[in-house]
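Written out below as structure tokens is the structure these notes cover.
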Amino acid sequence: MLRFMFGETEREPAGGLEETYKLMEQFAGIASARIKQGAPQGDKLRKYEVWARGLRASLMELEQSHYAASIFKERIVSGSVEAMLPEEKLDYDRYVYFDKNAFIRVFSLLDKLGTLLNDMLEMKTERIKPHFSYFTVLRNMRDRNVHPELTWKLNEAKEQCKDAMNRLRKRRNTEIHYMNSEMHDDLIQSQRMYGEEIKLENIGKQAEDLAGCLHMAIESLRLTFRYANSLMRSKSL
């Protein structure tokens, strides 16, 4: 979708990303077919179909934002904003835009997945916390030890990305509640070394964290929809 900005042709997804897209399409297709067959729970199936297609769109937007951020990141060579020439500063601003867009979308996508899981598996997490996140739903699944063949795989994916996700959450919270996240490190540095040149934030580490959390999101979707498709085929949904 965004590769045209770099003079590239669109590429077909591969690997885990390709499998995840296919699993979501299969889920939506099964739901649609059962609706056409007059399934009694048609309204619920239609809701799941719409949610699945929405999650697919959200994943595409996240993956594309991550790709654009990674391209602009590679164009940044200066150690501070002050040292950048105008063209590099523009690429830095573009990196910040797509990086920020991506890390906010990580949590948006996961929370949409949490809504699907909560409804589909009848977890009733809203009784614990009215405005729940994906992580609250997963904790509820863990505490109740339900659907263990899915729960513990999702939990393993979460744990493997725990540190990166915590750093991303801190950046997200800073961005939403306090100040522009890219200026947070600037503020800390300026308090320590007033009047000196402020070094650029560690964009290499930021990129690693974002890539890891993107992988976690893809894996969580892949596991969920593989499980959901088995429930669909057995008509347990």
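Which of the residues spanning the range 135-150 are under 19 Å from residue 226 (Cα atoms) and within 18 Å of the chain's Cα centre (by Cα)?
Correct list: 137, 138.
When the range 14-28 is examined, which residues are found to be crowded, with 18+ Cβ neighbours inside 10 Å and closer than 19 Å to residue 212 by Cβ?
Answer for the range 14-28, where residues must be crowded, with 18+ Cβ neighbours inside 10 Å and closer than 19 Å to residue 212 by Cβ: 17, 20.
If the Cβ limit is 6 Å and pairs must be 6+ apart or interchain, which residue in the range 20-49 that is acidic (Asp, Glu) pairs with which residue that is assigned to a helix (DSSP H, G or I)?
Note: pairs meeting the criteria are 49/28; 49/31; 49/32.
Out of the residues in the range 29-43 that are of a type in the set (A, V, I, L, M, F, W, C) and under 24 Å from residue 222 (Cα atoms), state the one that is surrounded by the fewest Cβ atoms within 10 Å (Cβ to Cβ).
For the range 29-43, the residue satisfying everything is 33.
Examine the range 85-94 for a residue that is of a type in the set (A, V, I, L, M, F, W, C) and buried (at least 17 other Cβ atoms within 10 Å of the Cβ), and state whether such a residue exists.
No, there is no match, as no residue in the range 85-94 is of a type in the set (A, V, I, L, M, F, W, C) and buried (at least 17 other Cβ atoms within 10 Å of the Cβ).
For the range 27-41, how many residues meet the condition of being part of a helix (DSSP H, G or I) and closer than 13 Å to residue 232 by Cα?
9
Go through (1) in contact with a Phe, Trp or Tyr (Cβ under 8 Å, 6 or more places away or on another chain); (2) in a helix (DSSP H, G or I) for residue 13 and report which single condition fails.
It fails just one condition, (2).
Between a first residue in the range 219-231 that is more than 9 Å from residue 153 (Cα to Cα) and at pLDDT below 95 and a second residue that is of a type in the set (Phe, Trp, Tyr) and part of a helix (DSSP H, G or I), which pairs have beta carbons less than 7 Å apart while being 6 or more apart in sequence or on different chains?
Qualifying pairs under 7 Å: none.
Table: residues versus (1) farther than 21 Å from residue 221 by Cβ; (2) within 15 Å of the chain's Cα centre (by Cα); (3) not in a helix (DSSP H, G or I); (4) not basic (Lys, Arg).
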position: 25; (1), (2), (3), (4): no, no, no, yes
position: 48; (1), (2), (3), (4): no, no, no, yes
position: 65; (1), (2), (3), (4): no, yes, no, yes
position: 81; (1), (2), (3), (4): yes, no, yes, yes
position: 88; (1), (2), (3), (4): yes, no, no, yes
position: 97; (1), (2), (3), (4): yes, no, no, yes
position: 101; (1), (2), (3), (4): no, yes, no, yes
position: 107; (1), (2), (3), (4): no, yes, no, yes
position: 117; (1), (2), (3), (4): no, no, no, yes
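Specify which of the listed residues (57, 52, 69) is closer than 23 Å to residue 5 by Cα, among the hydrophobic types (A, V, I, L, M, F, W, C), assigned to a helix (DSSP H, G or I) and in contact with a Leu (Cβ under 9 Å, 6 or more places away or on another chain).
So the residue among 57, 52, 69 that is closer than 23 Å to residue 5 by Cα, among the hydrophobic types (A, V, I, L, M, F, W, C), assigned to a helix (DSSP H, G or I) and in contact with a Leu (Cβ under 9 Å, 6 or more places away or on another chain) is 69.
Looking at the range 121-134, which of its residues are crowded, with 21+ Cβ neighbours inside 10 Å and over 15 Å from the mean Cα position of the chain (by Cα)?
121, 123, 125
The values are calculated or read from the model by the stated rules, or taken from the named source; none is laboratory data. None of the values given here were measured: they were computed from a predicted structure. Neighbour counts run over all protein chains shown; Cβ positions are idealised from the backbone, glycine included.
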